[in-house]
Amino acid sequence: MTCIRNTLLTLTLVFCSLGGNCFAAADAATVAPGTPPRVLLKTDLGNITLELFADKAPATVANFLQYCREGFYVGTIFHRVIPGFVVQGGGLTFDYVRKETRDPVVNESGNGLRNRTGTVAMARLGDPDSATSQFYINLRDNKHLDPDKDKAGYTVFGQVLEGMDVVRKITEEPQGKYQDQAPDLPVRILAVTIL
């Protein structure tokens, strides 16, 4: 199975380098004003469609969409999988190498959105303004990740519109063989489409 997945990734990356459509963006003129952007993530285990809240987290959504347009997420894995908590990805390759990112985005966790089941938020370090490309999907209501009066939270910028069953499948993969909190057979993002 590992060999099949590696072969598929190689073919996908070759197709991308030859000008294949590994990611696509809808023409901005064809998107109705006020329509939230949507992104389709094709993974090894199925598709996940995200709806993004550009009105509530404009800088974060712009940052995420830029990474999507650049094809940055193609070939990255869900490297931090904690059942009952979060599924995190968007920064490491199949062999656990951290990808080089652009500058961090400003923290927008005070936007009124909360880390609820099925929402998508930015992963970061201790510095509130340290988020770059990595994101996570909440598997439950994680109130402790929300901002409080004396601390910044983790910026929620979207929600899973379709594919929570796929997110849950990721949590069911055996893990711990190579990396703590990571599936033994890495689950990759194979293609990204901005709808």
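Numerical summary
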item	result
Contacts under 6 angstrom Cβ, first residue in segment 137-152 being in contact (Cβ under 8 Å) with a residue 12 or more places away in the chain, partner among the aromatic types (F, W, Y) and not in a helix (DSSP H, G or I), 6 or more apart	L139/F85; L145/Y154
Which listed residue, of T76, T93, is more than 25 Å from A54 (Cβ to Cβ) and hydroxyl-bearing (S, T, Y)	T93
Failed item in (1) more than 14 Å from Y136 (Cα to Cα); (2) at pLDDT 95 or above, with H79 passing the rest	(1)
In segment 171-193, residue farthest from F94 (Cα to Cα) [restricted to those that are of a type in the set (D, E, K, R) and surrounded by fewer than 16 Cβ atoms within 10 Å (Cβ to Cβ)]	E172
Hey, G71 surrounded by fewer than 21 Cβ atoms within 10 Å (Cβ to Cβ), more than 23 Å from A131 (Cβ to Cβ), modelled with pLDDT of 95 or more and within 17 Å of the chain's Cα centre (by Cα) or not	no
Enumeration of residues in segment 129-156 that are surrounded by fewer than 19 Cβ atoms within 10 Å (Cβ to Cβ) and in contact with a strand residue (DSSP E or B) (Cβ under 8 Å, 6 or more places away or on another chain)	D129
Extreme residue, nearest to the chain's Cα centre (by Cα), among residues of segment 118-141 that are over 20 Å from I189 (Cα atoms) and among the small types (G, A, S)	S130
Condition check for E162: within 19 Å of E51 (Cβ to Cβ), touching a strand residue (DSSP E or B) at 6+ places or on another chain (Cβ under 6 Å) and charged (D, E, K, R)	yes
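The values are calculated or read from the model by the stated rules, or taken from the named source; none is laboratory data. All values derive from a computational prediction rather than experimental measurement. We place every Cβ from the backbone using ideal geometry, glycine too, and count neighbours over all the protein chains shown.
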